[in-house]
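Notes follow once the structure below has been shown.
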Amino acid sequence: VSGLVEVSVDDLLLVLQQRVMHSHQRPGIWDGDNRPGLANTRCLECAARERLWRALGMDLDSEETRP
Ligand SMILES: [Zn+2]
């Protein structure tokens, strides 16, 4: 599946509000002690979450959007 899909805001919020099962010292950036190629690069999951929060018009600096 690729492209855009239409989903309910409630479904999207329910998923986005689940605990993020990883963390970063700098929000959205892999820590320097990760494997080469991953260390200090953008976390794709966090980037995707940020895009989804932004699409919902949510403040990216709020507590719930910060892993
Ligand atoms: Zn992340």
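Values in this text are rule-based calculations from the coordinates and carry no lab data. Source: prediction; values computed, not measured. Cβ sites come from the backbone with ideal geometry, for glycine too, and all protein chains shown count toward neighbours.
Key figures for this structure:
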item	result
Principal-axis tilt of helix 44-55 within the chain, Cα atoms, nearest 10 degrees	30
Structure-based [θ]222 nm, the chain - -39500 (n - 2.57) summed over DSSP H runs of at least 4, per residue, nearest 500	-9000 deg cm²/dmol
Fully extended contour minus Cα-Cα distance, from Arg42 to Gln18, at 0.36 nm per residue	6.6 nm
Long-range tail of P(r) for the chain (Cα pairs > 17 Å, %)	47
Arg54 versus Leu4: modelled label distance in nm, points set 7 Å from Cα along the beta carbon direction	1.5
Total charge dipole magnitude, the chain, about the Cα centre, Cβ charges on Lys, Arg, Asp, Glu only, Debye to nearest 20	300
